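Below is one structure, written out as structure tokens; the observations come after it.
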Amino acid sequence: MEIIRDLTAVHLTCPTVLTIGAFDGVHRGHQYLISHVVARAKEIGGASALVTLHPHPKVVLRPDSPLQYLSTIEERLDLLAPLGLDYGIVFPFSLETSQIRARDFVQLLIDHVNMREILCGADFALGYRREGNLAFLQELGKEKGFTVTVVEPHRFDGHIVSS
């Protein structure tokens, strides 16, 4: 897995399938989602990528609300490495980046990693005030030429595995 720490410094040419999130701890639910990203990228002959936000948005947006990390960013990348991803992209999350509108963030992904498909859970949203919900992303995908695929939650012993 190649690690990218500056999204704006790369320009991938192959079509990319990706997912986005904090992925702290890289639990079984994360691994399940990532396995779908990797498989889908192979199906289309493209690259697989994961965008991980660091620090966690909760730390930035609600600093008075305590959050104990399960892993450092370096440990997280080490846990992600054996999962078959082509790229691990660390996206620095700050008050400034939290203001990026959903449309603009998606455009960054299209311009720099050639995003053709995004895989996510049913409650996924991105961008300023989480304005980029599934309905928004699906409409934007029609306009910009990418697909949004919702991956059903992974279950273990009858329970949904989730952060």
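The values are calculated or read from the model by the stated rules, or taken from the named source; none is laboratory data. Values in this document were obtained by computation on a predicted structure and should not be read as measured data. Neighbour counts run over all protein chains shown; Cβ positions are idealised from the backbone, glycine included. Just the protein is used for accessible areas: all its heavy atoms, side chains included, with ligands, DNA and RNA removed. Shrake-Rupley method; radii C 1.70, N 1.55, O 1.52, S 1.80 Å.
Here are the numbers:
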| item | result |
| --- | --- |
| Region 37-159, accessible area per residue, ligands and nucleic acids excluded (1.4 Å, Å²) | 55 |
| Distance (nanometres) between label positions extended 7 Å along Cα→Cβ at ALA125 and THR147 | 2.6 |
| Three-way shape label, region 91-139, alpha-carbon gyration tensor, a/c 1.5 | oblate |
| Probe 1.4 Å, all protein chains present, accessible-area order of MET1, MET115, largest first | MET1, MET115 |
| Span-rule helices in the chain, defined as complete DSSP H runs reaching 20 Å or more along the axis (Cα) with Kyte mean at least -1.0 | 28-44 |
| Cα-centred dipole magnitude for the chain, charges only on beta-carbon of K, R (+1) and D, E (-1), debye, nearest 20 | 280 |
| Qualifying GluC sites (Glu not before Pro) for region 83-141 [loop in DSSP, other Cβ within 10 Å: at most 15] | GLU96, GLU131 |
| Per-selection Kirkwood Rh - the chain (Cα, Å, 1 d.p.) | 16.0 |
| Per-pair calculated FRET efficiency, R0 = 45 Å: ALA81 and ASN133 via Cβ, rounded to 0.05 | 0.90 |
| Label-point gap, in nm, between ARG28 and VAL10 - each point 7 angstrom along Cα→Cβ | 3.0 |
| Heavy-atom accessible surface of the chain: percent carbon and sulfur, 1.4 Å | 52 |
